[in-house]
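Here is the structure we will look at, set down as structure tokens.
What follows is calculated from the coordinates using simple rules that are stated; it is not laboratory data. On a predicted model such as this, the values are computed, not experimentally measured, just so you know. Virtual Cβ from ideal backbone geometry, glycine too; neighbours counted across all protein chains shown.
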Amino acid sequence: MKEGRTHKRFQKFGMVIDLDKCTGCGSCMVACMAENNVPFRKDESNKLLSITWMRVYKLTNGMPFPETDVCYLPRPCMQCAGQHEGHSPCVSVCPAIATDYSMESGIVSQIYTRCFGCRYCMASCPYHARYFNWWDPIWPDGMEKYLSPNVSPRMRGVVEKCSFCFHRYQRAKDRAYMEGRRELQEDEYQTACTQACPAGAITFGDLNNPKHAVSEMVEPDPKHSGRPKNPNAFRLLERLGTNPKVYYLSSREWVRRAGDNYLKNEKKVKKPVHHG
Amino acid sequence: MKIGRRGFLSFVIGGAAGTALSPLPWKLMDDSSIWTQMWPWTPVPEDGEASYVNSVCTLCPGHCGITVRKIDNRAVKIEGMKGHPVNNGGICLLGLSGLQLLYGPMRVKTPLKRTGKRGQGQWEKISWNDAVSEVVEKLRDIRSEGHPQTVGFISGFDRGTVSRLFERFLTAYGSPNFMRMPSVRDSYELAQYLMQGVQALPGFDFENSDFVLSFGSGLIDGWGSPVRMSRVHSAWQSAGVKVIQIEPRLSNTAAKSDKWIPINPGTEGALAMGLAHVIVKESLYDADFIENNVEGFFDWKNLVIDKYSPDTVASITGIDSRTIVVLARGFANASKPLAVCGRGNGTTPVNIDECMAVHALNALVGNIHKKGGVWAVSEPDYINWPEIEMDAKAAAGMQHERLDGAGSKTYPFTRYLLPRLPETIDPGEKNPLQALFVSGANPLYTHPDTQAVRNAFDKIPLVVSFSSYMDETAQNADLILPNHIYLERYEEVPTPAGMIEPVIGLSRPVVEPQFNTRHVGDVILQMAKGLGGSVAKTFPWDSYDSCLKETLGDLWNYLIDKGFWSNTGAMPPFFGTSYETASGKFELINKDNGSIPQFKPVSIEGDEKDYPLLLIPYDSMRLACGFIGDPPFVMKTVEDSILKGKDVFVELNPKTARNQGLREGQRVVLTTPKGKAEVKVHLFEGIMPGLVALPRGLGHTGWDEYLAGKGINFNTLIGPVEDPDSGLDAAWGIRAKLEKA
């Protein structure tokens, strides 16, 4: 088994979100909810309790009228690899192995039936990408008809998060195997948000495959844990060294700077600091 | 053995302490938390055979192609249809939430008849036959008394077979009162009619223009066909197309444009005239086009030169004259510049002068009916029905003027003026409206001055709603005859708003009707049959589906197979025939009726002394503000700086807040001449000082508990302001004040 694995070329699925194209419409959020059986409650205005695997944040440049500018930033799970592949912040702390890093796909999984709700992973996630089910999900009478059999609805007491629509990866792989193929085409596996985005602002693919659009767009530098070579590309909180697989593109400098914490007079983006 | 008080107490306390020290309570707590996680109320969705159905979404005028994923007979996901000319795979958040509308608690599940007072929410279930015969009886009475013109119909759409059936029914019955919901299309249709002599859809070739000048249109905030506009916006980003947004508030469209130019609200028309001044004065216009295709240029030129110098316009608009000159040069020197007017997502008209002024800019640069320009789009002409049978009563009824005054002597060229309807409705015997039907529209929510509209509706003896959902209009109706929703019915869907290429889509049943609903087309046919005589003869079809099939002819099979038909090679109308004005040209000055592009300020309600601030609405893709309200998924996307609990936030510039002594999150009372509401303050640098902005789409009383009772309906705070030239509602805001609650 182990031998067989080493022969396989690993994939590293990642996402590039073009913030110049993103209009902040929120379709990615709803595409995700509809795809992944995300529950909803009567009041969703407390955003700490509102489960949104994909959440669009509104950034402002803080300048007074009329120099004000606004940019939207969609935030799925960053599927961090950590400094050494597999050392994601959440995976490192999970006492139940309910969340794990897949070496084959680079996707951080979440296994609801293993999770016992300690929420260490939520505390460790610097992106607030993880959500806790404080209540059992309740669909109004009849509405459970639209639930997809591909994603199990979660029960109270477990943590959930974006899975890069892992079930779509499985489905695509199954189909390929049925057709006698072992490799997936780029367009065979796409996340629900990528597919739905009206602006085409989201691109999804294998970062390890130089022919895939995601690699071409950001030019990840393998020598520096995938740091983008494209000057317009950035990752969130790059300097934490979480090595996320979600990249952002923006032509606006203030937006790129908003992607990390900088001191007021700090000019240049520094190299990531390695902790621990 | 005798148990004393002391013995009893020590037994109880000892027992409790013993139990607490044992592992029992902890074990029980642990087990119960595990058990309750396993309780069967967490549904396990059944697996089955997967299939896909292509259809068209009709939740907005965008008309995207959709592909619905099904597991056995359940619809589980709506996705955008790949290869569709409107959206090519993309889909908006409202379209994605369609299944919540299909299976949701807001559905009207069976015909309902009101038992209590209007709006009290007391209903009894009634059979379809009883419901229809009740309506028919009432209609027969009205007709036999000789007042068929007192029946009205409000429809969200006016194109396609279903709307044409409504109109046909009214005509055969004898009433001219078919009314379409207002939108910026009203202004554009009228402007095109006055300047080009054609009744056509306004089409904008955004895909091919290289300089877009938007006078407040929320091009990516839900304007036109929202997914198409998102795609266009991305293409602009890639191609480096210049986009200039002019509006007093930093909308998403403004934030995404190359340049946002804040303007004093309501003065957009003046800016258009100022730009025309520079273009004319510096001879930057398309001389060829003007010479060959434009009538009245020299007279208009004098007006423009006289009255709209950059300095004059600067003092009106608050934009400095240098910016005006640079903007005008940039616009005129671009190879395919396009100017577009209308505020927000385009669900409100603008005054006709403003629309004509902006449209004149396109004519100046010769970008009418050209690649990258503005087109008058003619509709595919596929509805060829036999002549309407008119008996004497129908003919007499049709002689009456429309109730809303459209087509009257005062407003001869305007087609629909629904906002004028409430004031014409009087109580008593002579009520000019005896029965009103509403379909695909929710006027009791979307109309300005909601309370006045409701009072007017209360005076109409019979209000029938065809709504599939318990919206505000359905809540206040006498009878609800619920239509199938778009995922349960056949209907052909004509060209989406703002597109230049003609498209016909086919909306088709994705699943069986979930409840005891009926296609509104079938109900109309049944009503006609019930009335008998010439009305029945006008409708020779057995069912709506057979009517549609017969109407479409060969196209039916094509649509069943492909899902949509489009004319990708659509060419601009030929110049010789595309202007049907008296001169056969584009008329800057229409000599027949004296219309001329100029700036006429709209006087909005309230005086500055009592109301020092200006309230304007704003639109967002995340807040549906038309006849559909936000489903639960979409409500989840609404930011907590817009809605928190049940409180909506108004946007205020920090400067304004300082002057008023207000701070972030403070609870205040917002008062306008039309109403009062409690709101919270959100400070936003992106809004012009002196303004207050309130989002549209909240404050519902109908729908479900996920939407109702949250925030304030903007329309309760504003009233319509009639444009004296067209009758259209030209209100862009209202004066307001804020006081600490």
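The alpha carbon gyration tensor of the range B:613-740 gives principal lengths a ≥ b ≥ c with a/c of 1.5 or higher and a/b no greater than b/c, which makes the shape oblate. Restricting the calculation to Cα atoms, the range B:1-98 yields a radius of gyration followed by a Dmax of 29.8, 92 Å. The value of relative contact order for the range B:613-740, using C-alpha pairs under 8 Å at least six residues apart, is 35 percent.
Grouping the Cα pair distances of the range B:357-443 into 10 Å bins from zero gives a pair-distance distribution of 12, 23, 34, 20, 10, 1 percent in increasing distance order. Dipole magnitude for the protein assembly as shown: computed about the Cα centre from +1 point charges on Lys and Arg Cβ and -1 point charges on Asp and Glu Cβ, it is near 4320 debye.
Take every DSSP beta bridge whose two residues both sit in the range B:201-377; close to 20 percent of them are antiparallel.
Partnerless cysteines in chain A, where a partner means another cysteine C-beta under 4.7 angstrom, comprise A:Cys22, A:Cys25, A:Cys32, A:Cys71, A:Cys80, A:Cys94, A:Cys115, A:Cys118, A:Cys125, A:Cys165, A:Cys197. Using R0 = 22 Å, the C-beta based FRET efficiency linking A:Phe116 and B:Thr19 works out to 0.30. Ellipsoid semi-axes for the range B:575-626, based on the Cα gyration tensor and the rule √(5λ), read 38, 22, 7 Å when sorted largest first. The modelled label-to-label distance between B:Asn516 and A:Glu219, using points 7 Å beyond Cα along the C-beta direction, is 6.8 nm. Peptide packing: for A:50-63, B:209-222, the average count of neighbouring Cβ atoms within 10 Å per residue gives the ranking B:209-222, A:50-63, highest mean first. Amide H contacts of B:Val108 (H built 1.01 Å from N, in plane; Pro and chain starts excluded): B:Tyr469, B:Met470 sit under 5 Å, all sequence-distant by 5 or more or on other chains. Compared with the dominant principal axis of the Cα atoms in chain B, helix B:226-239 is inclined by about 60°.
Peptide B:627-640 is shielded by partner chain Cβ atoms: per residue, an average of 6 of them sit within 10 Å of its Cβ. For the peptides B:177-187, A:254-264, B:195-205, the ranking by packing is B:177-187, B:195-205, A:254-264, with the highest mean count of neighbouring Cβ atoms within 10 Å listed first. The phi torsions of the range B:190-203, fed into the Karplus equation with coefficients 6.51, -1.76 and 1.60 and a -60° offset, translate into couplings of 5, 4, 5, 5, 6, 9, 10, x, 10, 9, 8, 6, x, x Hz, rounded to whole numbers, with Gly and Pro shown as x.
Computed over the protein assembly as shown, the per-residue total of -39500 (n - 2.57) for DSSP H runs of n ≥ 4 gives a 222 nm mean residue ellipticity of -8500 deg cm²/dmol, rounded to 500. Think of the range B:613-740 as having a plus end and a minus end, set by charges on the Cβ of Lys, Arg, Asp and Glu; of B:Trp703, B:Leu615, B:Val679, B:Val679 sits farthest toward the positive end of this dipole.
Taken one residue at a time, the phi angles of the range A:145-153 give Karplus couplings (6.51, -1.76, 1.60, θ = phi - 60°) of 4, 8, 5, 7, x, 7, 10, 6, x Hz. Gly and Pro are set to x. Once you have a ≥ b ≥ c as the square roots of the Cα gyration tensor eigenvalues for the range A:1-101, tell me rounded if a/c is under 1.5, and otherwise prolate or oblate according to whether a/b is larger than b/c. Prolate, since a/c reaches 1.5 and a/b exceeds b/c. For B:Glu488, the residues whose amide H sits under 5 Å from its own are B:Val510, ignoring neighbours fewer than 5 places away on the same chain, with H placed 1.01 Å from N. Note on B:613-626: average number of Cβ atoms from other chains within 10 Å of each residue's Cβ is 1. My understanding is that a pair violates if its Cα-Cα distance is over 28 Å; which of A:Lys161/B:Lys644; A:Lys267/B:Lys680; B:Lys77/B:Lys109; B:Lys710/B:Lys737; B:Lys430/B:Lys600; B:Lys409/B:Lys676 do that in this structure? Long pairs (Cα-Cα over 28 Å): A:Lys267/B:Lys680; B:Lys430/B:Lys600; B:Lys409/B:Lys676.
If one puts a single equal scatterer on every Cα of chain B and applies the Debye formula without solvent, what log₁₀ I(q)/I(0) results at q = 0.06, 0.07, 0.09, 0.11 Å⁻¹? Taken in order of the listed q values, log10 I(q)/I(0) reads -0.39, -0.52, -0.84, -1.25. Working from Cα positions, state the angle (0 to 90°, nearest 10) between the long axis of helix B:161-173 and the longest principal axis of chain B. Value to nearest ten degrees: 80.
Inter-label distance, B:Lys371 to A:Ala123: 6.3 nm, where each label sits 7 Å from its Cα along the C-beta direction. The B:Trp41 and A:Glu104 beta-carbon pair, evaluated with R₀ = 30 Å, returns a calculated FRET efficiency of approximately 0.30.
Taking amide H as placed 1.01 Å from N in the peptide plane, B:Val56 has its amide H under 5 Å from the amide H of B:Ile66, B:Ser507, B:Arg508, each at least 5 places away in sequence or on another chain.
Between helix B:297-307 and chain B there is an angle of about 70 degrees, using the helix long axis and the longest principal axis of the Cα atoms. The mean sequence separation of alpha-carbon pairs under 8 Å and at least six residues apart, normalised by the residue count of chain A, gives a relative contact order of 25 percent. Available extension along the chain between B:Asp320 and B:Thr424 is 33.0 nm, counting 0.36 nm per residue and deducting the alpha carbon span. In this structure, the pairs whose alpha-carbon distance is over 19 Å, taken from B:Lys138/B:Lys393; A:Lys58/B:Lys740; A:Lys21/B:Lys256; A:Lys58/B:Lys82; A:Lys245/B:Lys256; A:Lys12/A:Lys223, are A:Lys58/B:Lys740; A:Lys58/B:Lys82; A:Lys245/B:Lys256. Projecting the Cα positions of B:Gly62, B:Pro202, B:Val280 onto the charge dipole of chain B (unit charges on Cβ atoms of Lys, Arg, Asp and Glu, taken about the Cα centre) puts B:Gly62 furthest along the positive direction. Under the simplified labelling scheme, the B:Ala395-B:Arg6 pair shows an inter-label distance of 11.3 nm, with each label point 7 Å from Cα along Cα→Cβ. With the biggest extent put first, the Cα atoms of the protein assembly as shown measure 99, 78, 68 Å across the principal axes.
Peptide B:94-100 is shielded by partner chain Cβ atoms: per residue, an average of 6 of them sit within 10 Å of its Cβ.
The dipole here belongs to chain B: it is taken about the Cα centre, uses +1 on the Cβ of Lys and Arg and -1 on the Cβ of Asp and Glu, and is about 2400 debye.
Averaging 1/r over every pair of different alpha carbons in the range B:201-377 and inverting the result gives a Kirkwood radius of 16.0 Å. Looking at the range B:625-708, what % of its DSSP beta bridges pair antiparallel, to the nearest 5? Percent antiparallel among DSSP bridges in the range B:625-708 is about 70. About its Cα centre, the range B:201-377 has a charge dipole of approximately 540 debye under the convention of +1 per Lys or Arg Cβ and -1 per Asp or Glu Cβ, with nothing else charged.
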